[in-house]
Amino acid sequence: GLTLILRSRPKRLRILPTREIQNTLTDSVHKVLGDIIEQYRFNYYELTYKAIRNRLSSTNFSCAGLRHNVNEITSIEDIDIAWVEEAQSISEDSLKVLAPTIRKSSSQLNVSCNRLNQLTAGEPQHPFPRALHSPPEVPPT
């Protein structure tokens, strides 16, 4: 979270912080980022109900839960950075929706995970490790 706040300072970015399920503001990435902004006294951020805006760089953070906001997420354009907090909980269906949404040529998909248990060698249990170990198929030319 702090890394995204710091990266939003020098230039305008569109950032999508998200979790699989985000029912209330108290269990949201919005709260995580708001706490960081308060802790470091970054007073040039404006916090609204679902978004955070850096008034100096015009960076926008559009916070959303993945599972219940599919249409909202797929309609967001020009995302520079997507951050999936607690990515160990993301469903394969949510990853299938999110990945094609991050389509800008220089965009990034960042994840942070809480370790739940040891992964069995060669058998990733969550979509992100599986995606990292399975390169995309390239159609024959």
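Each Lys and Arg Cβ is given +1 and each Asp and Glu Cβ -1; about its Cα centre, region 1-59 then shows a dipole of about 400 debye.
Between Ser105 and Asn23, what's the calculated FRET efficiency when r is the beta-carbon distance and R0 is 35 Å? Round to 0.05. Working shown, then result.
Numbers: r = 34 Å, r/R0 = 0.97.
After rounding, the FRET efficiency stands at 0.55.
Shown here for region 1-99: trypsin sites (Lys or Arg not before Pro) in loop regions (DSSP other than H, G, I, E, B) with at most 10 other Cβ atoms within 10 Å, namely Arg41, Arg55. Couplings 3J(HN,Hα) of region 54-60, computed from phi: 7, 5, 7, 9, 6, 5, 10 Hz, in residue order, whole Hz [Karplus 6.51 cos²θ - 1.76 cosθ + 1.60, θ = phi - 60°; x for Gly and Pro]. Look at where the Cα atoms of region 8-52 and of region 54-80 average out, and the two centres are 11 Å apart. With a Förster radius of 35 Å applied to the beta-carbon distance between Thr48 and Ser112, the computed FRET efficiency rounds to 0.90.
None of the figures in this text is laboratory data; all of them are computed from the coordinates on show. This one's a predicted model, so the numbers in the text were calculated from it and none came from an experiment. Note: ideal-geometry Cβ built from the backbone for every residue, glycine included; neighbour counts use all protein chains shown.
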